[in-house]
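A.B. asks: Quick one: this structure, given as structure tokens, is what I'll be asking you about.
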Amino acid sequence: MRRCLLLAIAGVLAGVIAPLHAQAPATPAAAPAPPNDYTQDTSWLCRPGREDACAIDLTTTVVAADGALTREPWAAKADAPIDCFYVYPTVSTDPATHSDMTADPAERNVVAQQFARFASVCRPFAPLYRQVTLAGLRQRLAAASTDLGRGPEYDDVRDAWRDYLTRDNRGRGVVLIGHSQGSYVLIELLKKEIEGTPAQKLLVSAILMGTTVSVPKGARTGGTFKTLAGCQSPGETGCVIAFSTYRSTLPPPPNARFGRHVDGQVALCTNPVTFSDAAGDLHAYLSATGQTITSRQSPPPWATGKTVETPWVSVPGLLSARCASNDHATYLEVTVRGNPDDSRADDITGDLGAPGKPLTDWGLHLVDVNLAMGNLVQVVDQQARAWTRRRP
């Protein structure tokens, strides 16, 4: 059953990345979707204190450069001082252009890949929402449209946010976390519901990955947002962290999808390792089986002659990152320091496209969040400490 699902996901995703000149079928105008009831537990993938999509095994095998394996345990923090509110990327395999409100394996998988680990530093809130599905995204790309975040997908997240503020927040600091479609939706939410409102005082940070947050060159704000600025240090609060990843060997091409220079402005890039132009080691958490947010890819053996028995792996020293720019985009450049003379794997999965034929316009979009997961959890922990010092 699981294998069939993953093959279906991979098949739909292959359609998403089909040539953009394909003709999109005409889509009749849909009636406005009725609002969801976010007071119902079934409208949420994650809420604090539940056995749900965030209550999973995140035990990790740390694979050293010499192939030595050690286990790293993990536990949620029930008394975390701040909250995290997460909006997931395009993963739904539902056949319609917008998903239903049933939590399928695709939604549960993406929470495992991108969000559950944050529960060690913040209370987790992740609403289900009627997102544009993989099938719906295929139609939009065929029509040369990337308009995400303004239909039912936005309305649902807005309603979930308002419910969270009413029932759960109680003056607590909150980190917004999004990727791809989730980031597009959160950008709209920040502009319409948070920036310039009392809710902005609650914002610990907004982590917006796999998208483009525009700023004038050399500035921290003034493009996508009026007052929200890019974070300059891991202890700064009320700011934005944004990046999209590309391999150092495959920089963004002219048709790059993320981090693009738009209307004379550049994309904000925050290196979650160093918060500067300097490179630093990524603390990645990767699926031991090669699972990504939408498909499973075949990873090389993590350590020659050894078996990884945990769901996740960490590979200290293998990956580094720095913010970089070319004529087309500003991005988080990921360098893989594989060493063929040691027994550890020399590369990672995460590219879109056929084996050996990556689609360079997408970069490492499938693992944007996995690559920096450990760094981001540490940053949120530091931001939580700074928040509670200033607002106990």
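A.B. asks: Pull out the extension gain between GLU51 and ASP327, defined as 0.36 nm times the separation in residues minus the alpha carbon to alpha carbon distance; nm, one decimal. Provide the component values of the computation, followed by the final result.
C.D. replies: Working: separation 276, 0.36 × 276 = 99.36 nm, distance 4.72 nm.
Extending this stretch completely gives an extra 94.6 nm.
A.B. asks: Suppose R0 equals 22 Å; then what is the FRET efficiency for LYS226 and LEU165 from their Cβ-Cβ distance, rounded to the nearest 0.05?
C.D. replies: That gives a FRET efficiency of 0.55.
A.B. asks: Quickly rank 311-320, 191-200 as a protection proxy: mean count of other C-beta atoms within 10 Å, highest first. Walk me through the intermediate numbers first.
C.D. replies: Values: 311-320: 19.5, 191-200: 14.1.
The peptides rank, most packed first, as 311-320, 191-200.
A.B. asks: If you don't mind, there's one more thing I want to ask. Roughly how many whole Å is it from the C-alpha centroid of segment 357-392 to that of segment 144-166?
C.D. replies: With segment 357-392 and segment 144-166 each reduced to a Cα centre, they are spaced 22 Å.
A.B. asks: Looking at the chain, how many pairs of lysines come closer than 23 Å at the Cα, when each pair is eight or more places apart or spans two chains? Before the final figure, lay out the partial values.
C.D. replies: Working: LYS191/LYS201; LYS191/LYS217; LYS191/LYS226; LYS192/LYS201; LYS192/LYS226; LYS201/LYS226; LYS217/LYS226.
Lysine pairs meeting the criterion: 7.
A.B. asks: Obtain the nm distance between the two label points defined at ARG71 and THR335 by a simple spin-label model: each point lies 7 Å from its Cα along the Cα-to-C-beta direction.
C.D. replies: About 3.5 nm separates the two model spin labels.
A.B. asks: What label, among (1) 27.1; (2) 23.3; (3) 21.2, belongs to Kirkwood radius over Cα pairs in Å computed from the structure on display?
C.D. replies: Among (1) 27.1; (2) 23.3; (3) 21.2, the one derived from this structure is (3).
A.B. asks: Report the gain in length on full extension from LEU359 to ALA33: 0.36 nm times residue separation, minus Cα-Cα distance, nm rounded to one decimal.
C.D. replies: Additional length available on full extension: 113.9 nm.
A.B. asks: Using the crude model of +1 on Lys and Arg Cβ and -1 on Asp and Glu Cβ, and no other charge, please compute the dipole size for segment 82-138 relative to its Cα centre, in debye to 20.
C.D. replies: Details: 5 positive and 5 negative charges, 30 e Å.
Charge dipole, segment 82-138, about its Cα centre: 140 debye, nearest 20.
A.B. asks: Return the calculated 222 nm mean residue ellipticity for the chain, to the nearest 500 deg cm²/dmol, obtained by summing -39500 (n - 2.57) across DSSP H runs with n ≥ 4 and dividing by the residue count. Working shown, then result.
C.D. replies: Values: 7 runs with 78 residues, N = 392.
Taken over the chain, the calculation gives -6000 deg cm²/dmol.
A.B. asks: Arrange the peptides 178-185, 99-106 so that the one whose residues have, on average, the most other Cβ atoms within 10 Å appears first.
C.D. replies: 178-185, 99-106
A.B. asks: How big is the charge dipole of segment 251-320 about its Cα centre, in debye rounded to the nearest 20, if each Lys and Arg gets +1 on its Cβ and each Asp and Glu gets -1 on its Cβ?
C.D. replies: That gives segment 251-320 a dipole magnitude of about 240 debye.
A.B. asks: Multiply the residue gap between ASP347 and ARG390 by 0.36 nm, knock off their C-alpha separation, and tell me the result in nm, one decimal place.
C.D. replies: Working: separation 43, 0.36 × 43 = 15.48 nm, distance 4.23 nm.
Extra length available between ASP347 and ARG390 comes to 11.3 nm.
FYI, it's all coordinate maths here, none of it is from the lab. Quick caveat, the model's predicted, so the values are computed rather than measured. Because the Cβ atoms are built from the backbone with ideal geometry, glycine has one as well, and the counts that use them run over all protein chains shown.
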